[in-house]
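Taking it in order: structure first as structure tokens, then the write-up.
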Amino acid sequence: MTGPMINSSLDAAPVTGHVAGGWRGVLRQLVADRMGRVGLVMVAAVVLVAVAGPLLAPYDRTAVAASRTGILQSPSAAHWLGTDELGRDILRQVVAGTSVSLEIGLIATFITVLIGTTVGVLAGWFTGFVDAVLMRITDFFLVLPSLPLMIALGAIIGQSLTMIVFVIALTSWPSTARIVRSQALAVREREVVARAKTVGLSSAGILWRLILPGVLALVIANAVLVIAGSILAEATLSFLGLGDPTRTSWGQILHNAFVTGAVGNGYWWYFLPPGIGIVMVVLAFSLVGQSLERILDPRLAAAA
Amino acid sequence: MAQYVGRKLGYLVLTLAAVLATNFTLFHLMPGDPVTHIARGQHLDADAIARLRSFYGLDMPLPSQFITYVAHLFRGDFGWSYTYQTSVGPIVAKALGNTLILVTISTLLVIVLGVGIGVFAASRRGTRTDGGLVIGSLVFWSLPTFWVGMLLIFVFAVTLGWLPIAGMFTADAVYPTVFTKIADLARHLILPTMAMVLVDIAQFVLISRSSLLAVLSEDYMTTARAKGLSPRRVLWRHGVRNALLPVVTATSLYASATVGGTIQVETVFSWPGMGQLIYLSVIRRDYPIMEACFLIFAVVVVLANFASDIAYRLLDPRVRLT
Amino acid sequence: MTLLRVRNLSVTYPTGGVMVRAVDGVDLDVNPGEVVGLAGESGCGKSTLALAVARLLPRGAVVTADEMSLDSTDLRTVADDELRSLRWRRLSLVFQGAMSGFNPVMRIGDQIAEAIRTHEPDSHRREVADRVGDLLGQVGIAPARSEDFPHQMSGGMKQRAMIAMALACRPDLVIADEPTTALDVMTQAQILDLIRRLADELGLAMLIISHDLTVLAELCDRVAVMYAGRILECGAADEIFGLGGPAHPYTRRLLDCYPKLDGGQGSISGIGGSPPDLAHPPSGCRFHDRCDQMVPRCSTDDPALQMVAGSVSHLTACHLVGAAEVASR
């Protein structure tokens with residue numbers, strides 16, 4: 001189970017967080033970069049399908065086929081992507097899956113980033129004992145292999161999308177925490193902070209007004225990559241049978257396809273489209289995330 | 001150096017202890033008392049349930065349960081499987097062997113091919129080949145491992161019929177010699193290995209590429225060329241040798257990713273290893289097996305991290321000894 | 001018989017879509033046993049010049065010259081394997097050892113030995129080790145330190161080790177690029193002494209590159225001053241720094257940037273403005289927009305190098321020289 005894409009420089013040395021032209025400048029550079037541009041377009045397309053899909057072509061789980069001839073049909077005019085083992089239209093399932101997969105990815109990412117940023121900022125700001133303790137915990141979670149942990153928790157807690165969101169966040173926050181921590185450490189060393197201290201700004205004030213904005217850029221770049229990883233993680237867990245059978249995520253469709261023997265029997269219309277969907281979405285966010293990282297970290301840009 | 005190893009060993013022991021504690025907590029404290037699961041379909045009376053609990057040691061206070069658990073582990077007793085109705089140890093041991101065959105070969109391929117392609121891409125920096133390899137790596141990283149497995153089966157086994165669909169050996173096969181057995185194993189290995197390699201290779205390509213690019217712009221590379229060393233020596237002894245350092249760090253993260261990949265690939269290909277074992281244990285709610293699998297996976301990853309730390313120290317003299 | 005002869009050398013390389021001319025029509029000579037200095041601000045092209053001569057520029061750089069020869073070898077067209085064979089044996093370089101000039105994961109002694117063994121593959125290990133020890137001793141480092149890794153040495157020691165390594169194959173010409181930058185003043189003085197001593201003892205020819213004119217004034221027999229890819233002034237050191245001082249306004253301003261012991265409080269000044277964009281060089285004299293003695297002609301006509309009146313080898317590229325007397329300080 002791969003987590004968020006490893007920062008390809010692997011150096012703990014942090015980012016300046018300074019981009020010419022602020023956020024609008026970042027956006028401009030993102031569009032100018034081919035990778036970023038393609039990624040943004042793909043993300044926009046995905047969001048469009050996720051939002052418009054359920055409105056234009058809603059999926060009804062209970063719309064099963066009336067007779068045996070309706071099941072596992074290859075693509076036809078009536079069903080562009082054929083039907084599944086219960087005769088349900090696969091195209092609608094895939095479209096519905098867009099919003100489910102995206103929703104889970106976003107929520108899991110939000111929690112991951114929340115926990116990771118909090119831990120990272122606290123560790124980077126307080127240093128010393130607090131830092132050591134937090135980092136020991138973080139390192140421990142990093143060392144535990146994520147998929148077995150998610151499987152174990154899933155089996156114990158029970159199948160539900162809430163559980164999936166929870167276990168993804170639980171296994172993803174450590175790498176975000178590490179990245180945020182090293183950036184927080186760097187921001188802390190900046191003169192601005194020293195001056196703020198002499199002026200008498202409280203710790204909480206400094207944290208909120210200086211440290212947090214200083215790490216924000218990196219957090220966002222990291223968050224985009226975490227979205228990609230979370231969507232992959234949810235797909236994997238659902239495929240392994242830990243998802244909610246009543247919610248149609250792409251992983252869930254693939255699970256159904258697999259247990260129905262779609263691969264062995266060659267029902268390609270069943271397992272190809274959901275997989276392609278996953279690849280598209282994950283790739284889209286990866287492109288944007290990698291491009292953002294390159295823009296925000298000049299060292300990575302030089303090495304590209 | 002000895003001091004460094006000693007310190008790392010200390011952390012290793014502490015981490016392993018934490019893993020044991022986590023394992024115990026997960027499977028003994030979480031909701032889902034195993035006896036309830038067993039008793040569910042069997043309409044046992046209170047007495048029988050009490051005896052079952054006693055058999056599984058569930059009526060004792062938690063700390064002593066933990067000590068018993070650890071003591072059993074050290075004796076090699078991993079518990080009793082609900083579904084197989086036999087000791088967990090041998091089942092897991094056999095599965096582990098099968099997994100190791102798959103993992104060893106794919107890891108070797110991933111590292112060798114990944115670094116090789118990454119170095120190649122770096123040497124062709126700025127060209128379309130390089131750009132293509134980077135995009136290609138991003139695309140491959142976005143592929144879910146289990147789906148790649150499904151695709152490979154569909155194309156090579158179902159449609160083309162060149163390779164077996166699933167499993168480690170052909171069912172009910174008779175092997176006149178050891179070589180035919182190995183050949184059959186090899187045929188079954190090809191697709192699962194491909195599935196594991198295709199996705200994980202991307203990380204190594206990207207890391208070795210960017211690492212080498214950063215190294216190539218360092219002054220000591222110019223010094224090496226200025227000394228009149230052969231281009232190959234400059235690239236490998238000075239360039240790659242330094243670029244390897246982040247790659248070694250990556251292998252420790254890779255260990256965790258490999259576990260995930262193993263579980264997915266073995267499930268899709270019905271490969272009788274630890275991955276498939278944990279998958280089946282989820283379906284059957286066989287907690288002792290699940291627990292043993294989790295423990296082994298965690299321990300292996302912790303050990304891999306330890307090895308990677310030591311290897312890093314051997315490669316980079318700048319790492320402080322204390 | 002000149003050792004290094006460079007005529008009309010130009011180096012262009014692409015940066016962000018534009019072609020930049022880092023070195024523009026430079027002539028340079030180094031005679032056997034002579035120490036020549038090359039001075040200028042950062043970015044003036046002096047390092048590029050050195051790397052171009054040594055054929056060490058990265059791919060993509062375009063090097064053209066009417067002549068570029070080391071003794072009888074034409075450096076422009078020499079084949080790769082012959083080039084590699086003459087490297088270090090006839091031409092070696094000293095980079096900033098205090099920075100990342102050394103491979104961080106290889107022992108210092110091994111890196112020096114590597115140079116020796118590449119060019120003398122039949123030497124015995126013991127013999128090589130002895131030579132490494134001798135070389136280190138020559139620069140004032142205890143031979144036992146050859147087992148050290150770069151991070152275990154101080155900046156000054158690393159620089160000395162770099163020099164030792166450059167001498168390993170007894171070259172004819174050593175090019176030193178900023179050998180004393182990134183070092184504290186005390187260490188700088190030591191390194192300068194060392195370089196002068198070695199040059200005298202071994203009869204080496206050297207090309208020393210530095211932004212610090214005072215360093216070059218001390219060490220060199222001849223000096224050339226570069227600005228925006230061109231040579232503005234060159235000649236024997238005692239002609240440039242002696243008597244009337246430098247002829248070119250830029251050189252005088254450059255010299256004023258460094259404190260003099262007898263100069264009193266106000267003796268340092270900077271040069272206003274910044275070097276020109278080499279992708280779009282200005283018309284006329286490249287220094288004209290920063291020169292305090294500019295006349296209208298300076299912005300239209302590019303001056304050529306001319307002999308300074310009353311000198312033997314002092315050349316300068318300035319319209320004011322040879323015309324009316326240059327205003328004295």
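Among the residues of the stretch B:139-172, those that are more than 7 Å from chain A (Cβ to nearest Cβ), in contact (Cβ under 8 Å) with a residue 24 or more places away in the chain and assigned to a loop (DSSP other than H, G, I, E, B) comprise B:Leu163, B:Pro164, B:Ala166, B:Gly167, B:Met168.
Of the residues A:Glu189, A:Glu234, the single one that is of a type in the set (Asp, Glu) and either buried (at least 19 other Cβ atoms within 10 Å of the Cβ) or touching a residue at least 24 places away in the same chain (Cβ under 8 Å) (or both) is A:Glu234. Checked across the stretch A:156-174, the condition of being touching a Gly at 6+ places or on another chain (Cβ under 9 Å), of a type in the set (Ser, Thr, Tyr), within 11 Å of chain B (Cβ to nearest Cβ) and touching a residue at least 60 places away in the same chain (Cβ under 8 Å) holds for at least one residue.
Considered as a group, the residues in the stretch B:230-240 that are touching a residue at least 24 places away in the same chain (Cβ under 8 Å) and more than 14 Å from chain A (Cβ to nearest Cβ) include one that is nearest to C:Glu82 (Cα to Cα), and that residue is B:Leu235. Residues that are more than 14 Å from chain B (Cβ to nearest Cβ), touching a residue at least 40 places away in the same chain (Cβ under 8 Å) and in a helix (DSSP H, G or I) within the stretch A:119-155 comprise A:Val119, A:Gly120, A:Val121, A:Ala123, A:Gly124, A:Trp125, A:Asp131, A:Leu134, listed in sequence order.
Looking at the stretch A:36-60 only, could you name the residues that are modelled with pLDDT under 85 and touching a Ser or Thr at 6+ places or on another chain (Cβ under 7 Å)? Walk me through it before giving the result.
Taking the stretch A:36-60 and keeping what is modelled with pLDDT under 85, we get A:53-60.
Scanning the stretch A:36-60 gives A:Gly53, A:Pro54, A:Tyr59.
Scanning the stretch C:65-108 for residues that are more than 7 Å from chain B (Cβ to nearest Cβ), assigned to a helix (DSSP H, G or I) and surrounded by fewer than 23 Cβ atoms within 10 Å (Cβ to Cβ) yields C:Asp80, C:Asp81, C:Glu82, C:Leu83, C:Leu86. Can you tell me which residue is farthest from the other protein chains (Cβ to nearest Cβ) among those in the stretch B:241-288 that are touching a Leu at 6+ places or on another chain (Cβ under 9 Å) and among the aromatic types (Phe, Trp, Tyr)? By that ranking, first place goes to B:Trp271.
Just one of the listed residues (B:Thr180, B:Thr223) is among the hydroxyl-bearing types (Ser, Thr, Tyr), in contact with a Gly (Cβ under 6 Å, 6 or more places away or on another chain), assigned to a helix (DSSP H, G or I) and more than 28 Å from B:Ala298 (Cα to Cα), and it is B:Thr223. All of A:Leu91, A:Leu55, A:Leu48 fail the test of being among the aliphatic types (A, V, I, L, M) and within 16 Å of A:Ile253 (Cα to Cα), apart from A:Leu91. Please work out which residue is surrounded by the fewest Cβ atoms within 10 Å (Cβ to Cβ), limiting yourself to the stretch C:109-128 and to residues that are among the acidic types (Asp, Glu) and within 11 Å of another protein chain (Cβ to nearest Cβ). In this case the residue turns out to be C:Asp110. Does the stretch A:99-125 hold any residues that are more than 30 Å from A:Leu48 (Cα to Cα) and crowded, with 16+ Cβ neighbours inside 10 Å, and which are they? Passing the criteria: A:Val119, A:Gly120, A:Val121, A:Leu122, A:Ala123, A:Gly124, A:Trp125.
Note on the stretch B:49-80: among residues that are basic (Lys, Arg) and part of a helix (DSSP H, G or I), the one that is surrounded by the most Cβ atoms within 10 Å (Cβ to Cβ) is B:Arg53. If you check B:Gly228 against the conditions, is it in contact with a Gly (Cβ under 9 Å, 6 or more places away or on another chain) and of a type outside the set (Phe, Trp, Tyr)? No; evaluated as a whole, the condition is false for this residue. Of all residues in the stretch C:52-66, those satisfying the criterion of being over 15 Å from C:Ile175 (Cβ atoms) and within 19 Å of the chain's Cα centre (by Cα) are C:Pro58, C:Val63, C:Ala65.
Filtered by the rule that a residue be crowded, with 20+ Cβ neighbours inside 10 Å and aromatic (Phe, Trp, Tyr), the stretch B:174-229 gives B:Phe204, B:Tyr220. Within the stretch A:29-45, being assigned to a helix (DSSP H, G or I), out of contact with any Phe, Trp or Tyr (no Cβ under 9 Å at 6 or more places or on another chain) and surrounded by 15 or more Cβ atoms within 10 Å (Cβ to Cβ) holds for A:Gln29, A:Leu30, A:Met35, A:Gly36, A:Arg37, A:Val38, A:Leu40.
The values are calculated or read from the model by the stated rules, or taken from the named source; none is laboratory data. These figures come from a predicted structure and were not determined experimentally. Positions of Cβ are backbone-derived with ideal geometry, glycine not excepted, and every protein chain shown enters the neighbour counts.
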